[in-house]
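Asker: Let me give you the structure first, and then I'll get to my questions.
The values are calculated or read from the model by the stated rules, or taken from the named source; none is laboratory data. Everything quoted here is computed from the prediction, not taken from an experiment. Because the Cβ atoms are built from the backbone with ideal geometry, glycine has one as well, and the counts that use them run over all protein chains shown.
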Amino acid sequence: MGEPMILIVEDDAAIGSNLQRALDAAGYDTTLASTAADARSVPIEPALVLLDLGLPDGDGLDVAKDLLDRWPELRIIMMTARADEMDVVLGLDSGAIDYVTKPFRLAELLARVRAHTRALDDDAAPVYDDGDLIVDTGARRVILGGSEIVLRAKEFDLLVELISHSDKVVTREQLMTRVWDENWFGSTKTLDVHIAALRRRLGEQPGAPSRITALRGVGYRWDSVDRERPT
Ligand code: CA
């Protein structure tokens, strides 16, 4: 899958091309439609639609309704010029709709675009957050005590495997199969080495309480309950 495609529906050529340039530079694929008819004929579901309300061949609100009929989960940011338009937009019964009022700052619009497209990512990939440790599985990022920590690939995979079965034992065999290879054979010593490395990266001292409990000869368990830990 490529970058999210953003459909820009705007009949003002200068505004349309400015938006397109800014979004391209921010790493999004864009499609520009300058009429309601073009907007309706977009072949694939966009990740997000930036929709001008005043179009030469129709009303942006009707376009929004038609697009939502096709793709009920579609997110739309309305670009409204007048206060009365804003009232209409706010009156629409759809949680998918956001709006900006013209003239808007590009930075503000980009922030909203980021927020909406990030929300889409979040739907797909879970984020673990216990207040101290945040694991963003989609972005493969780990934040501990407010600072990002860098894990090796297998350490990250192991962490995700443990936290996605919080408070349950994951056996050594399951961990080897899921994190390493379904055809692993031989020693599972590498698992213990990676667990020790993971504990270090999580700032845990040897012998001190750990989020990861070892069950001798069985496997490991991630304890989500906040235990007494040195601060
Ligand atoms: Ca217009």
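Asker: Consider residue 178 carefully, then state whether it is basic (Lys, Arg), touching a helix residue (DSSP H, G or I) at 6+ places or on another chain (Cβ under 6 Å) and either farther than 18 Å from residue 224 by Cα or surrounded by 14 or more Cβ atoms within 10 Å (Cβ to Cβ) (or both).
Answerer: Against the criterion (basic (Lys, Arg), touching a helix residue (DSSP H, G or I) at 6+ places or on another chain (Cβ under 6 Å) and either farther than 18 Å from residue 224 by Cα or surrounded by 14 or more Cβ atoms within 10 Å (Cβ to Cβ) (or both)), residue 178 qualifies.
Asker: If you take the residues of the range 25-39 that are assigned to a helix (DSSP H, G or I) and within 16 Å of the ligand (Cβ to nearest atom), which of them is surrounded by the most Cβ atoms within 10 Å (Cβ to Cβ)?
Answerer: Let us first name the residues in the range 25-39 that are assigned to a helix (DSSP H, G or I), namely 25, 36-39.
This time we only want the ones that are within 16 Å of the ligand (Cβ to nearest atom), so: 36-39.
Details: 36: 21, 37: 13, 38: 17, 39: 27.
Ranking the candidates gives 39 first.
Asker: For the range 69-83, does any single residue satisfy the condition of being among the small types (Gly, Ala, Ser), more than 12 Å from the ligand (Cβ to nearest atom) and more than 17 Å from residue 10 (Cα to Cα)?
Answerer: Yes: one or more hits.
Asker: So, in the range 123-135, how many residues would count as being surrounded by 13 or more Cβ atoms within 10 Å (Cβ to Cβ) and modelled with pLDDT under 85?
Answerer: Result for the range 123-135: 4.
For (1) within 16 Å of the ligand (Cβ to nearest atom); (2) modelled with pLDDT of 95 or more; (3) within 20 Å of residue 107 (Cβ to Cβ), each residue gets a yes or a no:
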position	(1), (2), (3)
18	yes, no, yes
23	no, no, yes
41	no, no, no
46	no, no, no
50	yes, yes, yes
53	yes, no, no
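Asker: Shifting gears a bit: Regarding the range 138-150, can at least one residue be identified that is of a type outside the set (Phe, Trp, Tyr), surrounded by 15 or more Cβ atoms within 10 Å (Cβ to Cβ) and assigned to a loop (DSSP other than H, G, I, E, B)?
Answerer: Among the residues of the range 138-150, not one is of a type outside the set (Phe, Trp, Tyr), surrounded by 15 or more Cβ atoms within 10 Å (Cβ to Cβ) and assigned to a loop (DSSP other than H, G, I, E, B), which makes the answer no.
Asker: Restricting to the range 1-16, give me the number of residues that are over 14 Å from residue 106 (Cβ atoms), free of Cβ contacts under 8 Å to residues at least 12 places away in the same chain and either within 16 Å of the ligand (Cβ to nearest atom) or part of a helix (DSSP H, G or I) (or both).
Answerer: Going through the range 1-16 one residue at a time, the tally reaches 0.
Asker: Cβ-Cβ distance below 9 Å, separation of 6 or more or different chains: which pairs start in the range 18-29 with a residue that is over 12 Å from residue 113 (Cβ atoms) and end on one that is in a helix (DSSP H, G or I) and modelled with pLDDT of 90 or more?
Answerer: Sorted first by the residue in the range 18-29, then by its partner, the pairs are 29/23.
Asker: In the range 163-182, which residues are modelled with pLDDT of 90 or more and within 16 Å of residue 194 (Cβ to Cβ)? So that I can check it myself, show each step before the final result.
Answerer: Narrowing the range 163-182 to residues modelled with pLDDT of 90 or more: 163, 169-172, 175.
Of everything in the range 163-182, those that are modelled with pLDDT of 90 or more and within 16 Å of residue 194 (Cβ to Cβ) turn out to be 163, 170, 171, 172, 175.
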